[in-house]
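> Just dropping this structure here.
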Amino acid sequence: MPRMLDVSDAVRAEIGDEEADRLLAGENAPGSYDCTSCRTPGDSEQERTSTVLFVGDETAVLAFAHAGCLPSQVVQVTEEQLQGAVRSIGGSAPGVGEPHKAVPEQAVLGVTSGLVLIEGELHPALVVEPTAPIVRPGSTAAGDDFLPLLIEQGYMPVTELVTVPPVLHGWSVLLAVGQLHAVLQPGTNGGQPVAWWQAHQPLQVTDSWRAAANKHQQVLMFAAPVGSIGRQPREDLLRASLDKAAANGKLVAAALPLAGT
């Protein structure tokens with residue numbers, strides 16, 4: 001049965017017409033899958049499904065998402081991100097150029113913006129939570145190294161949200177034309193900053209969030225391992241999840257200077 005797949009022109013250009021046509025015919029596409037965005041099950045025979053191609057420097061990985069979560073698109077990531085977050089996805093969907101291998105799961109960094117009240121003042125915050133465990137690049141061991149890797153970069157463990165975390169120099173949040181574009185980290189050997197996280201398309205932020213960012217000229221970034229925060233629809237629920245993650249020792253934070261306006 002043909003799958004309800006959407007293969008964008010950009011994805012088709014990367015994987016080729018032959019591979020795209022095989023996917024659309026249902027030859028290589030999985031029936032069931034875990035959405036690469038929200039991590040809940042999907043079924044390409046029953047619901048519209050997007051093909052999402054993650055492209056690193058040397059490797060490309062094809063993943064699937066609910067059409068309501070992500071459009072079909074090509075996402076540029078670093079080779080380190082691609083290789084460092086490899087996990088097996090259920091089913092036997094092909095990687096590009098690897099028709100007989102299971103597709104590794106690409107951990108995507110989910111980013112939520114919200115205002116956080118600390119010391120009687122509202123601060124703009126970004127909450128980052130991966131969609132899958134993060135392991136050290138090159139490691140084959142199970143586990144989750146997301147927080148230790150960030151602590152090594154200078155982020156501080158948070159046990160309760162009572163004070164503003166210290167500024168992490170060299171990192172910054174790129175805001176342009178009132179939209180969130182990226183979180184930047186220091187380049188190697190003192191070079192230009194590079195994107196640690198980059199929005200697939202610029203994210204809208206609220207007027208109050210942008211006003212707070214302009215006032216403080218910095219954004220508080222909180223990070224937690226997969227499953228700690230979840231997608232919270234309201235800021236009070238987001239704050240409750242942050243407090244819980246902090247109490248459980250699963251939260252790190254830093255204040256990142258604002259780049260842009």
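> Which order do HIS200, HIS169 take by accessible area at a 1.4 Å probe, largest first?
So, going from the largest accessible area down, we get HIS169, HIS200.
> Please list LYS244, LYS250 in order of solvent-accessible area, largest first, computed with a 1.4 Å probe with all protein chains present.
LYS244, LYS250
> Solvent-accessible area of CYS69, probe 1.4 Å, all protein chains present, reported in Å² to the nearest ten, please.
Accessible surface of CYS69 is approximately 50 Å².
> Could I ask something else about it? Could you tell me the accessible area of ARG210 in Å² (1.4 Å probe, neighbours in place), rounded to the nearest ten?
That residue has around 60 Å² of solvent-accessible surface.
> Highest mean first, what order results for 13-19, 212-218, 178-184 on Cβ atoms within 10 Å?
Listed from highest to lowest mean packing, they are 178-184, 212-218, 13-19.
> For GLU45, list long-range residues whose amide hydrogen, built 1.01 Å from N in the peptide plane, is under 5 Å from its own amide hydrogen.
Placed amide hydrogens put MET4 under 5 Å from GLU45.
> Take segment 149-216, compute every pairwise Cα distance, and split them into 10 Å bins from 0; I just need the percent in each bin.
The calculated distribution, bin by bin, is 17, 40, 38, 5.
> Please report, to one decimal in angstroms, the Kirkwood hydrodynamic radius of segment 130-261 built from all distinct Cα-Cα pairs.
After inverting the mean inverse Cα-Cα distance, the result is 15.8 Å.
> When all protein chains stay in place, what accessible area (Å², nearest 10, 1.4 Å probe) is found for LEU237?
Estimated to the nearest 10 Å², LEU237 gives 60 Å².
> So who's got an amide H within less than 5 Å of the one on VAL75, skipping anything under 5 residues away but keeping other chains? H placed 1.01 Å off N, in plane.
Under 5 Å from the amide H of VAL75: LEU53, PHE54, VAL55.
The values are calculated or read from the model by the stated rules, or taken from the named source; none is laboratory data. From a predicted model like this one, the values you see are computed outputs, not experimental measurements. When we count neighbours, we look across all protein chains shown, and the Cβ atoms used for this are built from the backbone with ideal geometry, even at glycine. The area values use the complete protein model at the heavy-atom level, side chains included, leaving out ligands, DNA and RNA. Shrake-Rupley method; radii C 1.70, N 1.55, O 1.52, S 1.80 Å.
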